[in-house]
Amino acid sequence: MADDAPIAVDPNIYLNQSDDWQSETTSIGSSIYKGIIENGRRYQTLKNEYSYPSDEQQFEAYEATHLAALVADSGRPNPLFQAPLGPSAKNILDVGTGKGSWAIDVADMFPEITVRGVDLFPPPVTWMPPNCILEVDDILHEWTWREKFDLIHFRVIQCAFTPEETEHLLKQCYDNLEPGGWIEHLELHPNVYCDDDSIPKDNTLFTVGPTWDAAGDESGRPMNIIETMRESIEKAGFIDVHEINSKWPLGPWPKDKTMKELGLINLQHWLTGLEGYAMHLFTKYGKPVPWSKEEVQVYVAGIRKELTNPRHHPYQRARRVWARKPLPSEEAEKTVNIKKEGTAAEIPVQVKVEQD
Ligand SMILES: C[S@@+](CC[C@H](N)C(=O)[O-])C[C@H]1O[C@@H](n2cnc3c(N)ncnc32)[C@H](O)[C@@H]1O
């Protein structure tokens, strides 16, 4: 499907508010660490601050993102990642692994590869494949892994890092990848779009993106990294850059079966995750002044109500970027070019844009 093609609407959809897709929730196991409770949500304590909670409700939202990402790329041979790993690949790292589902699925799919997932809070898992290792650490700390990685993966790391931290982190990735190894990043942004006039222009749904962006900027850890992720990866020296831009519907309103399923799961992601994405961020960095817990709850309830209006056809955008660390021969070529041109800005970068 072309990147900007409108999502066709299923004319037969009329949502019953009591349908299963809205009410179904799954309880996820408890964690070994207590964390810190703030406004009724549990947060990690390893790092000074991270805005999203690490509790069962948020892990449930992360599980929905994981499933949504799998559905979104279900037409591809490998829906977990797009980087073309070579047959000799041995090590993969998932940064900010959350519930650990991506790392576990990748380990299951590639039993000969060791897959590490690292997060500030221990993922609530009771079983892992033997080739999967989940670790608790701040990725900004010095990396002590002995092996180099063939793939380093990020998914939804908005509001986690300052621009300086991102730059440092990407350098760490570059230095700790095998030559020819890959970096891959899938990111979402909460801006709500609508291709028909099913949502009035003054609807609260259209405030979501700007409200989160403002709070993210105020915190110093931007929300809107979907706009900058490719540039950051290129700036870190990666080449052979690919990208897929896609629309993720919110709700089961699309006609297409896969998009319908994606919309259903993504809606569940929002309904479960919204409060956690908002609570610390808005009570600390909300604009024009920090919000009260109750203000956050009222705002989030309003968004939920509009999201579940069966006549609305909202969607958000997702972007996946993957790129390669140059081989030594390509590094040498870069050096020669820099010397020849006298400026790093003229390093030839091979760019491929894949439109979905
Ligand atoms: C929005 S969640 C996404 C989780 C997972 N990648 C996914 O897509 O389901 C981001 C995760 O990054 C983790 N994180 C944030 N800052 C981190 C850091 N400095 N080091 C390690 N993990 C971090 C958070 O604890 C959180 O679990």
**Fill in**
Of the residues in region 153-166 that are in a helix (DSSP H, G or I) and farther than 15 Å from GLU227 by Cα, the one that is nearest to the ligand (Cβ to nearest atom) is GLU165
**Item:** One residue from LEU169, LEU186, LEU140 being within 9 Å of the ligand (Cβ to nearest atom), in a helix (DSSP H, G or I) and over 20 Å from LYS90 (Cβ atoms)
**Value:** LEU169
**Prompt:** Any idea which of (1) more than 19 Å from the chain's Cα centre (by Cα); (2) more than 16 Å from the ligand (Cβ to nearest atom); (3) surrounded by 15 or more Cβ atoms within 10 Å (Cβ to Cβ); (4) more than 22 Å from LYS287 (Cβ to Cβ) is the one GLU147 doesn't satisfy?
**Reply:** (3)
**Subset of region 100-118 that is in contact with a Cys (Cβ under 6 Å, 6 or more places away or on another chain) and more than 12 Å from the ligand (Cβ to nearest atom) - its residue that is farthest from ASP137 (Cα to Cα)** = ALA107
**Message:** For region 43-57, which positions are more than 17 Å from TRP270 (Cα to Cα) and either near the ligand (Cβ under 9 Å from one of its atoms) or touching a strand residue (DSSP E or B) at 6+ places or on another chain (Cβ under 6 Å) (or both)?
**Reply:** TYR43, GLN44, THR45, LEU46, LYS47, TYR50
**Request:** With the checklist (1) within 13 Å of the ligand (Cβ to nearest atom); (2) buried (at least 16 other Cβ atoms within 10 Å of the Cβ) in hand, flag the one item TYR174 doesn't pass.
**Result:** (1)
**Request:** Please enumerate the residues belonging to region 58-99 that are assigned to a helix (DSSP H, G or I) and either away from the ligand (no atom under 13 Å from the Cβ) or on the phi > 0 side of the Ramachandran plot (or both).
**Result:** VAL71
**Request:** State whether the residues of region 10-29 include one that is within 13 Å of the ligand (Cβ to nearest atom) and either under 19 Å from the mean Cα position of the chain (by Cα) or modelled with pLDDT under 95 (or both).
**Result:** yes
**Message:** For region 269-291, check the following and say yes or no: at least one residue is crowded, with 19+ Cβ neighbours inside 10 Å and under 26 Å from ALA83 (Cβ atoms).
**Reply:** yes
**Prompt:** Somewhere in region 125-135, is a residue over 18 Å from PHE59 (Cα atoms) and within 11 Å of the ligand (Cβ to nearest atom)?
**Reply:** no
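Per-residue answers, yes or no, for (1) touching a Phe, Trp or Tyr at 6+ places or on another chain (Cβ under 7 Å); (2) more than 13 Å from HIS280 (Cα to Cα); (3) crowded, with 21+ Cβ neighbours inside 10 Å; (4) not acidic (Asp, Glu):
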position	(1), (2), (3), (4)
ILE36	yes, no, no, yes
SER51	no, no, yes, yes
PHE59	no, yes, yes, yes
LEU70	no, yes, no, yes
PRO77	no, yes, no, yes
GLN82	yes, yes, no, yes
**Asked** In this structure, does GLY263 turn out to be in contact with a strand residue (DSSP E or B) (Cβ under 7 Å, 6 or more places away or on another chain) and either closer than 30 Å to GLY180 by Cα or outside any loop (DSSP other than H, G, I, E, B) (or both)?
**Response** yes
**Message:** From the list TRP145, TRP127, TRP102, exactly one residue is assigned to a helix (DSSP H, G or I) and either of a type in the set (Phe, Trp, Tyr) or in contact (Cβ under 8 Å) with a residue 40 or more places away in the chain (or both). Which is it?
**Reply:** TRP102
**Message:** Tell me whether region 317-340 contains one or more residues that are over 21 Å from ASP240 (Cα atoms), modelled with pLDDT of 50 or more and assigned to a strand (DSSP E or B).
**Reply:** yes
**Complete:** Going through (1) closer than 25 Å to GLY86 by Cβ; (2) without any contact (Cβ under 8 Å) to a residue 24 or more places away in the chain; (3) of a type outside the set (A, V, I, L, M) one by one, ASP217 fails only at (1)
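The values are calculated or read from the model by the stated rules, or taken from the named source; none is laboratory data. Since this is a predicted model, take the numbers as computed values, not measurements. Note that each Cβ is placed from the backbone with ideal geometry, even for glycine, and that neighbours are counted across all protein chains shown.
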